[in-house]
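All remarks here apply to the structure that follows.
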Amino acid sequence: MINLTLACVPPSVTAQQKRLHIVKGRPVFFHDKRMAGEANTWAALLRPFVPSEPLAGPLRVTVVGIWPHTKATPKAKLGAFVPKVSKPDASNYAKHLEDLLVRMRFMAEDSLVGSITVEKWRGPVDSVGIRIRIAPMGAEEQPCL
């Protein structure tokens, strides 16, 4: 099992924000400098946690992003956690991180993820960051129906 916290402000750009060039009549997608910079920052923060062997088997991934409160947050709520219901979309935010976890060999491939939970919150300054948990799914687990 991998359980880690990245002490950073979660990014606001996602894997879905790609740019397009036409090269020899064919589309070529790429990340702009801002997205590439975010990926480099995440990679630097994740590097100390890379396991000696990537996790395999059915995996459960949990990603919790906690952004700082905005200036519009009432002072009474600055110590509380409130759901973040603005961009980036939770699924796009998680996909970029999932791709990076595979590229850095935290897990063998993203098709092994049988369950993914993504949460977005605004919270106190000392809680801002990204929490990631990657754990094996038990054979005895059943789907939530």
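The values are calculated or read from the model by the stated rules, or taken from the named source; none is laboratory data. Because the structure is a prediction, the values reported are computed rather than measured. Backbone-built Cβ (ideal geometry, glycine too); neighbour counts: all protein chains shown.
So the values come out like this:
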{"item": "Residues of the stretch 106-126 satisfying the condition of being touching a strand residue (DSSP E or B) at 6+ places or on another chain (Cβ under 9 Å) and loosely packed, with under 15 Cβ neighbours inside 10 Å", "result": "Ala108, Gly114, Ser115, Thr117, Pro124, Val125"}
{"item": "Residue match in the stretch 78-90 (condition: among the polar types (S, T, N, Q), free of Cβ contacts under 8 Å to residues at least 60 places away in the same chain and more than 29 Å from Cys144 (Cβ to Cβ))", "result": "no"}
{"item": "Arg131 vs. criteria within 18 Å of Leu4 (Cβ to Cβ) and either modelled with pLDDT of 90 or more or assigned to a loop (DSSP other than H, G, I, E, B) (or both)", "result": "yes"}
{"item": "Unmet criterion (only one of (1) closer than 24 Å to Val113 by Cβ; (2) surrounded by 11 or more Cβ atoms within 10 Å (Cβ to Cβ); (3) at pLDDT 70 or above; (4) of a type outside the set (S, T, N, Q)) for Arg47", "result": "(2)"}
{"item": "Residues of the stretch 64-101 that turn out to be surrounded by fewer than 17 Cβ atoms within 10 Å (Cβ to Cβ) and closer than 19 Å to Gly37 by Cβ, as a count", "result": "4"}
{"item": "Scope the stretch 116-145; condition of a type in the set (A, V, I, L, M, F, W, C), without any contact (Cβ under 8 Å) to a residue 24 or more places away in the chain and over 21 Å from Pro54 (Cβ atoms); matching residues", "result": "Cys144, Leu145"}
{"item": "Number of the condition not met by Arg105 [criteria: (1) free of Cβ contacts under 8 Å to residues at least 24 places away in the same chain; (2) part of a loop (DSSP other than H, G, I, E, B)]", "result": "(1)"}
{"item": "Matching residues, the stretch 123-145, being of a type in the set (D, E, K, R) and either more than 30 Å from Leu78 (Cα to Cα) or more than 15 Å from the chain's Cα centre (by Cα) (or both)", "result": "Asp126, Glu140, Glu141"}
{"item": "Residue selected from the stretch 1-32 under the condition closer than 19 Å to Asn92 by Cβ and outside any loop (DSSP other than H, G, I, E, B), by the criterion modelled with the highest pLDDT", "result": "Leu6"}
{"item": "Near pairs, Cβ below 7 angstrom, 6+ apart or cross-chain, from the stretch 51-68 (more than 20 Å from Thr117 (Cβ to Cβ)) to any residue that is surrounded by 21 or more Cβ atoms within 10 Å (Cβ to Cβ)", "result": "Pro51/Phe106; Pro54/Phe106; Pro54/Met107; Pro68/Arg122"}
